[in-house]
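What follows is a short report on a single structure.
The values are calculated or read from the model by the stated rules, or taken from the named source; none is laboratory data. Remember, it's a predicted structure, so these values are computed and weren't measured experimentally. Heads up, the Cβs are rebuilt from the backbone with ideal geometry, glycines too, and the neighbour counts pull from every protein chain shown. Only protein heavy atoms, including side chains, enter the accessible area calculation; ligands, DNA and RNA are left aside. Shrake-Rupley method; radii C 1.70, N 1.55, O 1.52, S 1.80 Å.
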Amino acid sequence: MLYEQQQFPESIERLQIGLQLAEEMGEKKNVFTAHKELAYIYEILQQTDEALYHYKRYHQIEKEVQSDEA
């Protein structure tokens with residue numbers, strides 16, 4: 001991934017585009033994965049508000065997916 005190469009701005013941009021597309025298509029697994037990755041990047045960048053937002057959204061949507069699969 002780009003963030004492994006420390007290309008954080010490009011990583012964020014691509015993840016946000018992917019997140020938007022996944023939301024539009026109703027692909028919840030991809031939505032929570034994008035939120036998880038964004039939380040990780042923002043944590044590295046010490047942007048705690050953004051990291052926390054994406055971390056919470058990741059867990060919320062992950063629970064929804066697990067509930068849907070049960």
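Structure summary
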{"quantity": "Rounded percent of accessible protein surface that carbon and sulfur make up, the chain, 1.4 Å probe", "calculated": "48"}
{"quantity": "Only Lys, Arg (+1) and Asp, Glu (-1) charged, at Cβ; the chain dipole about Cα centre in debye", "calculated": "120"}
